[in-house]
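Worksheet: the structure to be examined is printed underneath.
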């Protein structure tokens, strides 16, 4: 896969723009190392490679190329790796999740943006298409890597109503009711994550709970009140973002008094 990966990197080096790189740095407090390639140019070239290389690579080849690209340091090459695989959803099988697990366990996902694209464009598809289930992500909830724990929560959003939720929070495609999971089961699935100490995980769990409230407000509110004592404040604030103001007071978590 070296020649394909090197072509990706050569393209990025040739189209690097320091001004574009600096423009988006403020959104990545955990670190950001891009070339600064224009997003429209990047997407155009991505589609060209998908067309040109597909016959030679197939799903196994795309996965191997993604393994190599996600091992890189630059933001764009990791983005290319994830998006190349996500674009081949129609060929997904049981070989995809082990590759993705490896990327996370090796710390190759190093920011919230890649974590959310991975969850929304790739893991959600595996769940909805029946290649994997939440049981396959169970160990992710206690993983050492914070982004692996975040993805464990955000991937479950697709199972609220059987429809993928993109990284912008919007539904994508048609609903697949057979793939939806009962709301109480989904809430029980994320429960171990509601008191995670890491901000990036809390944000992801809160996002899931906010989408759960949008789909099932009564069930979600009852569950939030039942577990209020164990839920981190940031998780709760995000979860109740769209709850009417006159009901938000019931969900407030009292601050612990300092001694």
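In this calculation the C-beta distance from residue 136 to residue 251 is compared with R0 = 30 Å, giving a FRET efficiency of 0.40. Put in line by how crowded their Cβ is, counting other Cβ atoms within 10 Å and starting with the fewest, 190, 85 read 190, 85. Only alpha carbons enter this Debye calculation for the chain, each as an equal point scatterer, and the log10 of I(q)/I(0) it gives at q = 0.12, 0.17 Å⁻¹ is -0.74, -1.30. When you restrict to C-alpha pairs under 8 Å that are six or more residues apart and normalise by the size of the chain, the relative contact order lands at 12 percent.
Among 62, 140, 49, the largest mean-square fluctuation in a Gaussian network model of the chain, built with springs joining Cα atoms closer than 10 Å, belongs to 49. Take every Cα pair under 8 Å whose residues are at least 6 apart in sequence, average their separation, divide by the length of the range 43-136, and the relative contact order is 26 percent. Against the longest principal axis of the chain, how steep is helix 39-70, in degrees 0 to 90 to the nearest 10, with axes from Cα atoms? So the inclination is approximately 90 degrees.
Springs between Cα atoms under 10 Å define the GNM used for the chain, and in it the highest mean-square fluctuation of 119, 56, 153 occurs at 56. Compute the acute angle (0 to 90°) between the alpha-carbon long axis of helix 199-215 and the principal axis of greatest extent of the alpha-carbon atoms of the chain; round to the nearest 10°. Approximately 70 degrees, to the nearest 10. As I understand it, the value is the acute angle between the Cα axis of helix 75-86 and the longest principal axis of the Cα atoms of the chain; what does it come to in degrees, rounded to 10? Approximately 80 degrees, to the nearest 10.
Distance distribution note for the range 1-91: the fraction of Cα pairs above 21 angstrom is 29%. Which residue fluctuates most in the GNM of the chain (Cα springs below 10 Å): 232, 199, 40? Comparing 232, 199, 40 in the GNM, the peak value goes to 40. Counted by neighbouring Cβ atoms within 10 Å, the residues 39, 79, 155, 3 run from fewest to most as 3, 39, 79, 155.
Tell me, what is the percent relative contact order of the range 131-259, built from C-alpha pairs under 8 Å that lie six or more residues apart? Let's see the in-between values first.
Values: 153 pairs, mean separation 27.1, N = 129.
Rounded, it is 21 percent for the range 131-259.
Quick check on the exposure proxy: order 122, 128 from fewest to most C-beta atoms within 10 angstrom.
128, 122
Quick note: the coordinates plus some simple rules give every number you see, no bench work behind them. Everything numeric here is computed off the predicted structure, so don't read it as measured data. Backbone-built Cβ (ideal geometry, glycine too); neighbour counts: all protein chains shown.
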